[in-house]
Amino acid sequence: MRPVFRIVRESLILGFAEMSAVYTWRTWTFGWLVRLLCQAAFYALLGRYVGDETTMRYVLVGNIVVLACLESTIVVISLAGERAMGTLPLLAITPSGHLPVYLGRGLQWTVTGLASSLTAWLVLPPLLGVPLPWPRAAYAIPVIVLILASSYGYGCALAGVALRLRGVEWLVLNFAYGVVMTFGGVNVPVDTWPGPLRVAVEVLPVVHGLQAIRGVLDGASTGHVMGLICAEALVGAGWYAVAALSTERLVSVGRRDGGLDHA
C-alpha cells in the first residue's frame, strides 16, 4: 500500500502544480469558484421563478451537490492531456503498475470539487434565503465526499473513451456531466422519468447520494439514508471496476500495437 499512497501524494503535487500554471488563488476564487456559485444560484432562482420556495430549495441542494460531480469528471481532460503531450506511455511503464497512476492522475479535481461544494453549501442557502437545517445539514458533508469519490470513478471510466477517440475529451466531459445533471435528480425528481429511464439512471453517480442528502435534510430514518449511501458506494465501485478494466485493455492493446505512442 505504501507505493499507492506515494502515488496519490505525487499525483496531488503534480495536479496542483499544473493548476498553478493556469490559476492563481485569486483567479480560481473569483473566476472559477464564483462561476460555479453563480451557476448553482441561477438554477435555484429559476426554480423559484417556475415554482415555489420548496422547489427552490430542491434545485439549490441538487445544484450544490452536483458541483462535486462536475469537478471530479474533469479527470477526463487530465488523462486525455497525457496522450496529447506524448507522456501516456510513461504512465504505463511505472514500476508500481499503471492502474494507480492512471486513476490518480486527476485527484486534484476531487480536492477543488470538495472546496467548491462545501463553499456553496455554506454560502448559497443563507444568501438566497433558503437556510438549511443545521446542525443536521452537517451530516450531509460526508455524503458529498462519497459522491466526489463515485463521480471520480465515473470520470476515470469515461476517460477511456477520450483516450481511444482523440479530440473528443470535451465532448465526453460535458456529456458525462450533462447526463447526471439532467437525469440524476438534480433539478427534476428521478420519478418524473419513464420507467426504463429511471432504471438506467440508477447506475449514475450522484443519484443515490443526492437522495441520501435530501433524506438527511428532511429527517428521514437512518436506515433509509444508509441504504442510499450504500447504493452510491456500490455505484462508485462499479465505475472504478469499469475504469480498471478499460485502462487494462487500453494498455494491453497499446503495448502490442504501439498505440500509446500516438499523440
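The values are calculated or read from the model by the stated rules, or taken from the named source; none is laboratory data. None of the values given here were measured: they were computed from a predicted structure. Neighbour counts run over all protein chains shown; Cβ positions are idealised from the backbone, glycine included. Just the protein is used for accessible areas: all its heavy atoms, side chains included, with ligands, DNA and RNA removed. Shrake-Rupley method; radii C 1.70, N 1.55, O 1.52, S 1.80 Å.
Run down GLU169, GLU232, GLU248 and say which single residue is open to solvent by 10 Å² or more (accessible area, probe 1.4 Å) and in contact with a His (Cβ under 9 Å, 6 or more places away or on another chain).
Answer to the check: GLU248.
Can you tell me which residues in region 117-131 are open to solvent by 20 Å² or more (accessible area, probe 1.4 Å), of a type outside the set (Ser, Thr, Tyr) and in contact (Cβ under 8 Å) with a residue 12 or more places away in the chain?
Taking region 117-131 and keeping what is open to solvent by 20 Å² or more (accessible area, probe 1.4 Å), we get 118-119, 122-123, 126-129, 131.
If we keep only those that are of a type outside the set (Ser, Thr, Tyr) too, we end up with 118, 122-123, 126-129, 131.
Answer for region 117-131, where residues must be open to solvent by 20 Å² or more (accessible area, probe 1.4 Å), of a type outside the set (Ser, Thr, Tyr) and in contact (Cβ under 8 Å) with a residue 12 or more places away in the chain: LEU118, VAL123, LEU127, LEU128.
Answer with yes or no whether GLY238 is modelled with pLDDT of 95 or more and not hydrophobic (A, V, I, L, M, F, W, C). Explain how you work it out, then say what you get.
On the way: modelled with pLDDT of 95 or more: yes; not hydrophobic (A, V, I, L, M, F, W, C): yes.
Answer is yes for this residue.
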Check: Under 7 Å by Cβ, and 6 or more places apart or on different chains, what pairs join a residue from region 133-144 that is closer than 15 Å to VAL123 by Cβ and open to solvent by 30 Å² or more (accessible area, probe 1.4 Å) with one that is part of a helix (DSSP H, G or I) and not aromatic (Phe, Trp, Tyr)?
Finding: ILE141/LEU118
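Going by the structure shown, is PRO126 out of contact with any helix residue (DSSP H, G or I) (no Cβ under 9 Å at 6 or more places or on another chain) and within 29 Å of PHE30 (Cβ to Cβ)?
Numbers: out of contact with any helix residue (DSSP H, G or I) (no Cβ under 9 Å at 6 or more places or on another chain): yes; within 29 Å of PHE30 (Cβ to Cβ): yes.
So PRO126 passes the test.
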Notebook entry, point to check: Of all the residues that make up region 149-166, how many are over 16 Å from ALA244 (Cβ atoms), open to solvent by less than 10 Å² (accessible area, probe 1.4 Å) and among the hydrophobic types (A, V, I, L, M, F, W, C)?
Noted result: 1
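Restricting attention to region 96-127, report how many residues are of a type in the set (Phe, Trp, Tyr) and more than 24 Å from ALA162 (Cβ to Cβ). Working first, answer last.
Of region 96-127, the ones of a type in the set (Phe, Trp, Tyr) are 102, 109, 121.
Next cut, more than 24 Å from ALA162 (Cβ to Cβ) only: 121.
The number of residues fulfilling the criteria is 1.
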